[in-house]
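See structure below.
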Amino acid sequence: MKAVRKKQTPRLEEASAGLLVVDLQERFAPVIHDWTTLLERVGWLIRFFRLLKAPIGMTEQYPRGLGTTVPEVREALAGEAAWTLAKTRFSSAGTPELLRPFRDARRRQWMICGIETHVCIQQTAFDLLDEGFEVFLAADAVGSRRVEDRDAALARMARAGVVVSTSEALVFELLRDAAHPLFKQASALVK
């Protein structure tokens, strides 16, 4: 009888992971559900990925009409985004030009945060999956105007193969062990 091979569960790995911050722009602030909490979680993820010295990419959807990235996110990045791309496509990975920074970063796993879950986040996740990347989504660090849109998109992405979890769970998955040199710093960020 042939042994059944157990399916490998996708897990974030420190040497393979990068962060993508999608479209956290000024004009969206008043309309996104629970904007303040969303920004707190995204800021926490940015600071953590900076501690890891992992690549962080950022996109802006039509900044001429929708404004630039909000100051809280720009300050958390402190000018250290691996790349910032203006786009008109909803997907942050939907063209060869938009995909180039992901390939250049030489990371196969991407954690995505930002807005809107059911539009730009979802289309980006699907394009990255189609290109062979592993996609992780911090559900508490994505948002939409309506909760129903956000929740439906999270469910659809999970069915498609995106790993949906929370910011804290994914960060501690990256650390793996309380003996990790960054454990105390990461724990301080959570508090």
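The values are calculated or read from the model by the stated rules, or taken from the named source; none is laboratory data. All of these numbers come straight from a predicted model, not from anything done at the bench. So basically every Cβ, Gly included, is an ideal-geometry build from the backbone, and we count neighbours across all protein chains shown.
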>> Looking for something closer than 15 Å to residue 167 by Cα, part of a helix (DSSP H, G or I) and either in contact (Cβ under 8 Å) with a residue 24 or more places away in the chain or under 15 Å from the mean Cα position of the chain (by Cα) (or both) - is there at least one such residue anywhere in region 7-25?
In response: no
Considering region 133-191, residues that are assigned to a loop (DSSP other than H, G, I, E, B) and aliphatic (A, V, I, L, M), and then whichever is farthest from residue 31 (Cα to Cα), we arrive at 179
Flagged in region 63-113 as hydrophobic (A, V, I, L, M, F, W, C), exposed (fewer than 15 other Cβ atoms within 10 Å of the Cβ) and part of a helix (DSSP H, G or I), in numbering order, are 66
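So that you can scan it fast, the table gives a plain yes or no per residue for (1) at pLDDT below 95; (2) touching a Ser or Thr at 6+ places or on another chain (Cβ under 9 Å):
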position: 109; (1), (2): no, yes
position: 127; (1), (2): no, yes
position: 137; (1), (2): no, yes
position: 143; (1), (2): no, yes
position: 149; (1), (2): no, yes
position: 153; (1), (2): no, yes
position: 158; (1), (2): no, no
position: 166; (1), (2): no, no
position: 182; (1), (2): yes, no
The residue from 40, 13, 26 that alone is acidic (Asp, Glu), surrounded by fewer than 19 Cβ atoms within 10 Å (Cβ to Cβ) and within 20 Å of residue 140 (Cβ to Cβ) is 40
Within region 118-153, the count of residues that are over 21 Å from residue 57 (Cα atoms) and surrounded by fewer than 21 Cβ atoms within 10 Å (Cβ to Cβ) comes to 7
